[in-house]
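This report concerns only the one structure given below.
The values are calculated or read from the model by the stated rules, or taken from the named source; none is laboratory data. Treat the numbers as computed from the prediction; the structure is a model and nothing was measured. Cβ atoms come from the backbone with ideal geometry, glycine included; neighbour counts cover every protein chain shown.
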Amino acid sequence: MEILCSATAVQARTRELGQEISEFYQGQTLTLVALLNGAMFFAADLARAINLELRIDSIAVSSYDGQKSSGRIAVRGDCKLPVRAKNLLLVDGVLDTGLTLDTVTKILLARGAQSVRTCVLAEKNRPRSANIRPPDWCGFQLPNRFLVGCGMDAGEQYRQWPYIAALD
């Protein structure tokens, strides 16, 4: 296992992202939608770093089968708050294939969201389909390795680690 981003670096970058997002949405109400379970720690820290009128919700999705993307998205739990005519910030721990963020963004826009922007703690450097757009905000560009910590897991382990590590 190799630590790629220290706890200190994750905390500092999360504060920076919160400031950037606050400036972008200045004077507006924002609904932060965390993708569970992988974004729960990052989303909580990011929410505390955002200085806006903020609503917080979540949607539970899964796309991994072991340590690989299954290529399918399963929605296991839906948003509780209405999304129609709202500015949404979709937060995830990692952008891998991009399928999850793309699919959930389309679902939320189809429900009438005014806007859906995305923020990820880590983006893997890897090829993606041309129709997958990059995140609006990204904490770290990291190698295409299996990442754990800060909410990201391997078999439901390692989520609580305050740093990002690559699993061997």
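Check every one of the strands (runs of 3 or more DSSP E) wholly within segment 76-161 and list those with 1 or more residues that are of a type outside the set (A, V, I, L, M, F, W, C).
87-95, 115-125, 137-143
So which residues in segment 34-53 are without any contact (Cβ under 8 Å) to a residue 40 or more places away in the chain, surrounded by 15 or more Cβ atoms within 10 Å (Cβ to Cβ) and within 18 Å of the chain's Cα centre (by Cα), if there are any at all?
The answer is ALA44, ASP45, ALA47, ALA49, ILE50.
Which of the residues that make up segment 84-104 are touching a strand residue (DSSP E or B) at 6+ places or on another chain (Cβ under 7 Å) and of a type in the set (A, V, I, L, M, F, W, C)?
LEU88, LEU89, LEU90, VAL91, VAL94, LEU95, LEU99, LEU101, VAL104
Quick check on this structure: which one of ASP96, ASP78 is touching a Lys or Arg at 6+ places or on another chain (Cβ under 6 Å) and either at pLDDT below 95 or of a type outside the set (S, T, N, Q) (or both)?
ASP96
Under 8 Å by Cβ, and 6 or more places apart or on different chains, what pairs join a residue from segment 93-106 that is in contact (Cβ under 8 Å) with a residue 40 or more places away in the chain and of a type in the set (Asp, Glu) with one that is part of a helix (DSSP H, G or I) and surrounded by fewer than 22 Cβ atoms within 10 Å (Cβ to Cβ)?
Within 8 Å, no pair qualifies.
Is there any pair with a first residue in segment 19-31 that is in contact (Cβ under 8 Å) with a residue 24 or more places away in the chain and a second that is among the polar types (S, T, N, Q) and part of a loop (DSSP other than H, G, I, E, B) whose Cβ atoms are under 8 Å apart and which are 6 or more apart or on different chains, and what are they?
Filtered contacts from segment 19-31: GLN19/ASN51; SER22/ASN51.
Name every residue in segment 113-146 that is of a type in the set (Gly, Ala, Ser), in contact with a Lys or Arg (Cβ under 9 Å, 6 or more places away or on another chain) and touching a residue at least 40 places away in the same chain (Cβ under 8 Å), in order of residue number.
If the condition is that a residue be of a type in the set (Gly, Ala, Ser), in contact with a Lys or Arg (Cβ under 9 Å, 6 or more places away or on another chain) and touching a residue at least 40 places away in the same chain (Cβ under 8 Å), then GLY139 is the only one that fits.
Specify which of the listed residues (THR14, THR31) is in a helix (DSSP H, G or I), among the polar types (S, T, N, Q) and buried (at least 16 other Cβ atoms within 10 Å of the Cβ).
THR14
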